[in-house]
1. Within segment B:143-167, track down each residue that is of a type in the set (Lys, Arg) and crowded, with 18+ Cβ neighbours inside 10 Å.
2. Quick one: which helices (runs of 4 or more DSSP H) sit completely within segment C:32-114 and have at least 2 residues that are touching a residue at least 60 places away in the same chain (Cβ under 8 Å), charged (D, E, K, R) and surrounded by 14 or more Cβ atoms within 10 Å (Cβ to Cβ)?
3. For the subset of segment A:299-348 comprising residues that are in a helix (DSSP H, G or I) and among the hydroxyl-bearing types (Ser, Thr, Tyr), which member is farthest from A:Ala234 (Cα to Cα)?
4. Taking into account only those residues within segment A:70-85 that are under 29 Å from the mean Cα position of the chain (by Cα) and not β-branched (Val, Ile, Thr), which is nearest to the other protein chains (Cβ to nearest Cβ)?
5. Report, ordered by the first and then the second residue, all pairs with beta carbons closer than 8 Å, sequence separation of six or more or different chains, a first member in segment C:267-288 that is more than 13 Å from C:Lys168 (Cβ to Cβ), and a second member that is among the hydroxyl-bearing types (Ser, Thr, Tyr) and buried (at least 23 other Cβ atoms within 10 Å of the Cβ).
6. Of all residues in segment C:166-216, count the ones that are part of a strand (DSSP E or B), out of contact with any Phe, Trp or Tyr (no Cβ under 9 Å at 6 or more places or on another chain) and of a type outside the set (Asp, Glu).
Amino acid sequence: MRSDAQQSEALTAAPVARSRWVWPRTFLLLLLLLSAIVFGTGLGSVNIAPEDVLGALWRGLASQFTGAELISNDVIVWQIRLPRVVMGVLVGASLSVCGGAFQGVFRNPLADPYLLGVASGSALGATLAIVLDWPRALIPVSALVLALLSVAVTLSLAREGRRFPPTRLILAGVVVGSVLSAATTALILRGEDRARQVLAYTLGDLGFSGWRDVLTVLPYAALGCGVLLLLARALDTLQLGDLTARSLGVPVERLRLIVVIAASVATAGAVAYVGIIGFIGLIVPHMVRLAFGASHRILLPLSALLGGALLVYADLLARTSPLSQVGIVTTLLGGPFFLWLLRREKEI
Amino acid sequence: MTPSTPLADSLQANNLHVHAGTFPAVRGVSASFGTGTFSAVIGPNGAGKSTLLRALLGLNKPESGGVCLFGRPLQSWSRPERSRALAYLAQTEGLPDSTKVRDVVALGRGAGDWRFGLLPTRPWTDDDDAAVDSALDRTDTRRFEGRKVAELSGGERQRVALARALAGQPRFLLLDEPTNHLDLAYALEVIRYLRCEVAGGLGVVAVLHDLNLAARADWLLLLHQGEVLAAGPPAEVLTPENLLASYGVRVSVLRHGDRLVILPED
Amino acid sequence: MREGGQGATMKSILTLTFALASLAGATTYPLTLTDDLGRKVTLKAEPQRIVSMLPSDSETLCAIGACDKLVGVDDYSDYPQQVTKLPKMGGLYDPKIEAIVGQRPDLVLVSKYGKIAESLTQAGITVIAVNPETYEEVFSKTLVLGKIVNREAQAKNLVTGMRRDIAKIEILTKNAVKKPTAYYEVDPTPYSIGPNSFMGVLLTKAGARNIIPASMGDFPKVDPEFIVKANPQFILGVDAKTAAARPGWSSMTAIKSGKAMALPKGLDTIFSRPGPRMPLALAQMAKIIHPELFK
């Protein structure tokens, strides 16, 4: 067991005592993600036969090189469904990885990617852009700027000398979050004719995610999640406690700061176009921890797979049912699941 | 109070002043802890024991004075060197519940040589495995290395925590009340494991509450209000006069075989 | 009817004319009716100081000659010119209750939505929800308003006039050779309109075929791929640039043929307002969809 497989993950620097179940289950998650992509692309409010979907994918891919114009169903599959599915994977993966990292770095199982005012900051930024009728391209920029700003405010409120104690961070995040939410509500009330659009945004919607949006979000997701995945081993060490981690050579405050910034970048990117999608970032890491163990080197990448798959399925349900918005679906399904999880944890 | 072991082989505090928050918790402590010695730090609550321990580890910045490890000031040691030489077992070590025992122990190999202390750059080697195996063996935790921490009893957890601390093959192990919350049997067990390590050359510095357990140490440091009240072999430190001065309690110190027994008189 | 003692000749004549006109059905007070919130409300006398919290109600009141009874309107009432000079009483979600009470109204007309009815009623003010939503309700609620303010004859005249104006347009569009398909966007979430909503009815009467089936409801949220698949000849309510920038939309017929447009300023308001200017909205919409019929 510890030989060839070990070499390939040399840089992860320590063996996780893998049960022989990890690989088959990882494979299962990959299958789940793959099936989500297949169904997400194949199904929708317009019925398109499977062979036509395949043909559309082929012609869509070809059109990138030939410049040929797509028509009818090809447009739906290649320019609407596929980017929407890819966006779902990106957003689901980002939120889940950030959730896992936040839960780890604050050693708080209730932490989610929207902690520290990231979500309310992004929402305010996006609302501002929508109410002021700025061009679509400026929505994510505005969301990002305000998200990072609110994180900066949260961090400075929580600061205690050179340290950021987790409890103070979370409390400061709650305070900043509610102030920003109030500001967002005030803005919504001012621009009443756009209220519904803003409301749709704050509920989370993958509606008009095109390739351009996907390409805009991709760098944020890649950068944020990439950094978090690299920090997995340090996060594992942090689980022993701040002092112990420091005695083992982990610069805990630096780690906390980097995780917060990286997660904010990935989350703000995910929130920018799509809005606030609840519960995915909270629940997915718990599901993975339950099934695969708590090591962040397993938890974070597998959360990305599961989160991506679940969000695509939730969106599929949203656009083919009267639930209408993916944020509503995740919250409706996520809430009860989370309660079940809480009960279960108590029993252990 | 004078260092009984040679300078080059010890962890030394020189006129150390450390604040806990704004409170001067350690006020001018000088002491020397040797390798291959079981040292215990005792004293009433608030005497500055834990603060001293953290300062010895380099986790607290002293206001003045300093710590020397093997004759070199601690701050001149690089983070990797320091974290390898000194291991710490916190009062309540947070063992992640859903992690397997072997994975927890492997964490003890440390992050010292990672880039920025965050990014592992060195491949995991057979030496690392051997160190983990050895730590598991020496604490008798090998047989449940595949189990999750959540499934362990309190005593077993503490042994896993000990294995984690030993996995880094430190020269000194500093423990903050390692026997807290443990039944007498488990407490004695921990002391026994530590004894074995000391015999193997490890320097142990343990903050202990139970004076009868502390009496089993080789060398004691009695703190009172951040200052050293007495230091030396148990027989010299555990006197009724010292204990009355520090704890404010009248005690009798009895000899039972080669062991000291502390009996409160009230 | 109350009469001013110092009445000038002009005023007496006017009053006389009104009295004659409403001879057919002068409202008798106290008047009891069930409003759109399902509440039973009694009016003791003909209201003289009215606050309207719905732009369409403000318009209707003015169109039936009760404009001078208005003492306050909501922020969005902007027609006719007269009402813009009245004190503003806030919007649906942020009504200024104190300002409303301060006007000492004897009647406040409110929407079904929002929550001011209860607090105003507790303040001892008569509140009636008159909230036209469907096409037919635009007419029936006009008659209700006529009854409430004792302008029944005028209300009947208004309804007859509106029906006549609408019929004039419909005669043209009904016989149009080709009826283009159309998608109307209420807001960019996107929400659209079903054929049974009053806007949907107007769209159909303007000679367009709404791509939204009745089964989707009156104001459905639409999946973008559905719109692309339907490929309507008109995209209304989205400007061409925004529409073309949406994923997969640039190849749609309406966009290529320049028939994706935001509604002209003014039309966007009256098209979405279930009030007396509905025939005007219909005429303008019909001109957009069938320019050939109005040469």
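The values are calculated or read from the model by the stated rules, or taken from the named source; none is laboratory data. Note that this is a predicted model, so its numbers are computed, not measured. Note that each Cβ is placed from the backbone with ideal geometry, even for glycine, and that neighbours are counted across all protein chains shown.
1. Listed by number, the residues that qualify are B:Lys148, B:Arg157, B:Arg159, B:Arg164.
2. Where helices (runs of 4 or more DSSP H) fall fully within segment C:32-114 and carry at least 2 residues being touching a residue at least 60 places away in the same chain (Cβ under 8 Å), charged (D, E, K, R) and surrounded by 14 or more Cβ atoms within 10 Å (Cβ to Cβ), they are C:55-63.
3. A:Thr320
4. For segment A:70-85, the residue satisfying everything is A:Gln79.
5. What qualifies is C:Arg273/C:Ser56; C:Pro274/C:Ser56; C:Gly275/C:Ser56; C:Gly275/C:Thr60; C:Pro276/C:Thr60; C:Pro276/C:Thr142.
6. 1
Conditions (1) buried (at least 17 other Cβ atoms within 10 Å of the Cβ); (2) within 29 Å of B:Ile262 (Cα to Cα), marked per residue:
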| residue | (1), (2) |
| --- | --- |
| B:Leu11 | yes, yes |
| B:Thr22 | no, no |
| B:Val41 | yes, yes |
| B:Asn45 | no, yes |
| B:Ala85 | yes, no |
| B:Gly110 | yes, no |
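Matching residues to (1) closer than 20 Å to A:Gly177 by Cβ; (2) modelled with pLDDT of 85 or more:
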residue: A:Gly40; (1), (2): no, yes
residue: A:Val53; (1), (2): no, yes
residue: A:Leu57; (1), (2): no, yes
residue: A:Leu70; (1), (2): no, no
residue: A:Asn73; (1), (2): no, yes
residue: A:Leu82; (1), (2): no, yes
residue: A:Val89; (1), (2): no, yes
residue: A:Ser96; (1), (2): no, yes
residue: A:Leu115; (1), (2): yes, no
